[in-house]
Amino acid sequence: MSNELAEVQNFIQQIPPFVELPEEKIAELSQEVVIGYLRQGSMLNYQAEAGATLYLIRTGALAYYNEKNELQEKYGEGDICSLFCCVNEPVDKIIKVEEDCLLYSIACKRLSEIFADHPQALAFIMQSSSERLNSKMVQVNEEAVLSSTLMNTHISHFYKSPVATIDQQASIQQAAIVMTERGFSCLIVTDNNQPVGIITDKDIRQRCVAKGLNITQPISDIMTKNMLSIDYKSSAYDALITMTTQHIHHLPVTKNNHLVGMVTVTDLMNQEGLNAVNFASIIRKAKTVAELARISEMLPKLQIRMAKLGSTADHVGKTISAITMAFTIRLIKMAEDKFGKAPVAYAWVAAGSQARQEQFAHSDQDNALIIADDFMPEHEPWFSQFARFVCDGLNACGFVYCPGNVMATNQQWRQKQAVWHQYFEQWITVPDPKALMHASIFFDLNTVYGDSSLLEQVRAKMLQRTQGNTLFLAHLAKNALQHKPPLGFFRDFVLSQNGDNKASLDLKHNGIAPIVDLARIYALAEGVKAVNTIERIRQVAGTPSLSKPSAASLIDAFEFLGLLRSTHQAKQLQAGKQPDNYLHPKEISRLEREHLKDAFKVIKTLQKARQVVY
């Protein structure tokens, strides 16, 4: 074998997926390679005489642009460019040589013949980075289906229809009779055939019998108004988490905003291990903070178990966030038992990863209080001691104090609704660095307990100010783009060079955070209320902010990075170590490293697009 051929073979067999293939296949492929050289500034064009050709970049860099001159993808050393192998697509693609290139080219037809008995490797070679990432996440989600019957099953498989209804003018006794005769534990209350509330066995016990109300009174006196509902396209797992976090047992199902069915916790309990529900039930029964702290010690074990079962990061995050909410609600109720009922209405709100339902075990706490505007100075002592009790309790349960003091114990974040309106107006109007730091925290809020309308009114007014506010969004984007994916010139990872995490990748700050930031900017630009990152991306897909293909790629990148982080932390927890976000590339396979690079490329491309917009 000549030295040149040996060098070609040695290079090829280090590149996924060739690294997984038999040596004889690599040797056969190497003999088909044609070596070429292109200078910077030239173009790589389809050569009709050569036919469809695949390129391996030995050195240098290529950039692929669409007809609008928008960057689609970049290729560096060790990358595979298969753009001309897609025979069903136009071949007049714009590929610029950005650095002097040494290329290995192989006829696509010959490549297909050599790897005919290795279809998965061939598919990997022919796909773009976003397509490879999508294929990986399809596989991950299929495996998650095997580990849970709820995670990827629509709620439509569980709800009962039609829904039993009763008019709001009917008496409490009539409602009890209907529920008894039909064997139902709840009824939807209507007004002119439109749902206005829900009544359950529990409502009749607690709001009627226990209080000695006359059973001839209308059910509108004891029904639950502003009832929660879930769209029929949602997963059964989302329904389970909603009921767990809100401590409800019945959830109406809607289709195009019309009531179509009802699902209960019992409907789902027979299908799932119900870790979240079991946790929430145990938490609700706890009598002391010390008891809650003991229960919280099981939380890392749950994250380990979910990772072993192949649960997606989305499901891990929703489960842990739901349990954190259960701890918080129990502490709030303990505080109210200790200090008495709140003097005015309030909303205890979570910020950050908990608000986005993306929390992992024992993250630090981020919370605040929005208090009704009839708050008076004499009410301050109650709210001060209330906040201290809850935050101290969370810390005892492993949710440590926020290093930046973003907690309800800080009076700055324990204010009347009018003050919160002023905060957001100031941050948006004068987006200085401090304002942008606060924006990145408080644009992600979710009500944990209390009057949710207090937050919703703040959010609605805030979105009115951000939607279409190009100046503010430009500042927010510039600030967010400081988080860069850890890629060097396309090919290699940029690893930490000092400290305890030397030669590692920061998955959170250089991978997950940039996607969270982009999703937040898209949502603010389009007036989307969602807080969860994946939900934000889904809702803005197809808007001027983000195309549908880019949205799909961004979700794949987010889920893959979350999966790596979840698995990495589970291994650390099982080894008795403190979980972190620093992954050494050698911890994962070469193929996974390639998928990781694909994810970082997706982020880098969309960050560049955001820079162009603003």
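In this structure, is Ile198 surrounded by fewer than 21 Cβ atoms within 10 Å (Cβ to Cβ), modelled with pLDDT of 90 or more and in contact with a strand residue (DSSP E or B) (Cβ under 9 Å, 6 or more places away or on another chain)?
No, not satisfied.
Residue check: is Pro544 in contact with a His (Cβ under 7 Å, 6 or more places away or on another chain) and farther than 21 Å from Phe124 by Cβ? Before the answer, list the steps.
Details: in contact with a His (Cβ under 7 Å, 6 or more places away or on another chain): no; farther than 21 Å from Phe124 by Cβ: yes.
Here the answer is no, as Pro544 does not meet what is asked.
For the range 298-317, check the following and say yes or no: at least one residue is of a type outside the set (Ser, Thr, Tyr) and over 30 Å from Val516 (Cα atoms). Full working, then the answer.
Of all residues in the range 298-317, those of a type outside the set (Ser, Thr, Tyr) come to 298-310, 313-317.
Adding the requirement that they be over 30 Å from Val516 (Cα atoms) leaves none.
For the range 298-317, residues of a type outside the set (Ser, Thr, Tyr) and over 30 Å from Val516 (Cα atoms): absent.
Here is a check on your reading of the model: is Leu455 surrounded by 13 or more Cβ atoms within 10 Å (Cβ to Cβ), under 23 Å from the mean Cα position of the chain (by Cα) and at pLDDT 95 or above?
For Leu455, the condition - surrounded by 13 or more Cβ atoms within 10 Å (Cβ to Cβ), under 23 Å from the mean Cα position of the chain (by Cα) and at pLDDT 95 or above - is met.
Do you know which residues across the range 180-194 are in contact with a strand residue (DSSP E or B) (Cβ under 6 Å, 6 or more places away or on another chain) and either surrounded by 19 or more Cβ atoms within 10 Å (Cβ to Cβ) or more than 19 Å from Val263 (Cα to Cα) (or both)?
Those that are in contact with a strand residue (DSSP E or B) (Cβ under 6 Å, 6 or more places away or on another chain) and either surrounded by 19 or more Cβ atoms within 10 Å (Cβ to Cβ) or more than 19 Å from Val263 (Cα to Cα) (or both): Cys186, Leu187, Ile188, Val189.
Could you please tell me which pairs satisfy a Cβ distance under 6 Å, a separation of 6+ or placement on different chains, a first residue in the range 242-267 that is surrounded by fewer than 20 Cβ atoms within 10 Å (Cβ to Cβ), and a second residue that is in a helix (DSSP H, G or I)?
Here the result reads His249/Val265; Val265/Met243, each pair linking the range 242-267 to a residue that is in a helix (DSSP H, G or I).
Looking at this structure, is His483 over 25 Å from Gln464 (Cβ atoms), in contact with a helix residue (DSSP H, G or I) (Cβ under 7 Å, 6 or more places away or on another chain), modelled with pLDDT of 60 or more and not assigned by TED's automatic domain parsing to the domain that holds Gly317?
Criteria met by His483.
Quick one: what pairs do we get from the range 352-365, first residue within 12 Å of Leu445 (Cβ to Cβ), second buried (at least 24 other Cβ atoms within 10 Å of the Cβ) and among the hydroxyl-bearing types (Ser, Thr, Tyr), C-beta under 6 Å, 6+ apart or different chains?
Cβ pairs passing all conditions: Gln354/Ser321; Gln354/Thr324; Arg356/Thr533.
Quick check on this structure: which one of Gly51, Gly41, Gly36, Gly60 is touching a Ser or Thr at 6+ places or on another chain (Cβ under 8 Å) and touching a residue at least 12 places away in the same chain (Cβ under 8 Å)?
Exactly one residue qualifies, and that residue is Gly36.
Buried (at least 18 other Cβ atoms within 10 Å of the Cβ) and among the charged types (D, E, K, R): is that true of Glu559 in this structure?
The answer is yes for Glu559.
Among the listed residues Glu291, Glu272, which satisfies the condition of being modelled with pLDDT under 90 and farther than 26 Å from Pro514 by Cα? Show your work before the answer.
On the way: Glu291 fails: modelled with pLDDT under 90.
Criteria check complete, one pass: Glu272.
Assuming Arg39 fulfils every condition listed in (1) surrounded by 12 or more Cβ atoms within 10 Å (Cβ to Cβ); (2) modelled with pLDDT of 90 or more apart from one, which condition is it?
Only one criterion is unmet by Arg39, namely (1).
State whether one or more residues within the range 396-417 are farther than 24 Å from Gln359 by Cα, in contact (Cβ under 8 Å) with a residue 24 or more places away in the chain, surrounded by fewer than 19 Cβ atoms within 10 Å (Cβ to Cβ) and small (Gly, Ala, Ser).
no
Residues in the range 182-233 that are of a type in the set (A, V, I, L, M, F, W, C), over 17 Å from Leu251 (Cβ atoms) and out of contact with any Cys (no Cβ under 6 Å at 6 or more places or on another chain): how many?
Final tally of qualifying residues: 7.
The values are calculated or read from the model by the stated rules, or taken from the named source; none is laboratory data. These numbers were taken from a predicted model, which means no experiment stands behind them. In this analysis, Cβ positions are derived from the backbone assuming ideal geometry, glycine residues included, and neighbour counts consider all displayed protein chains.
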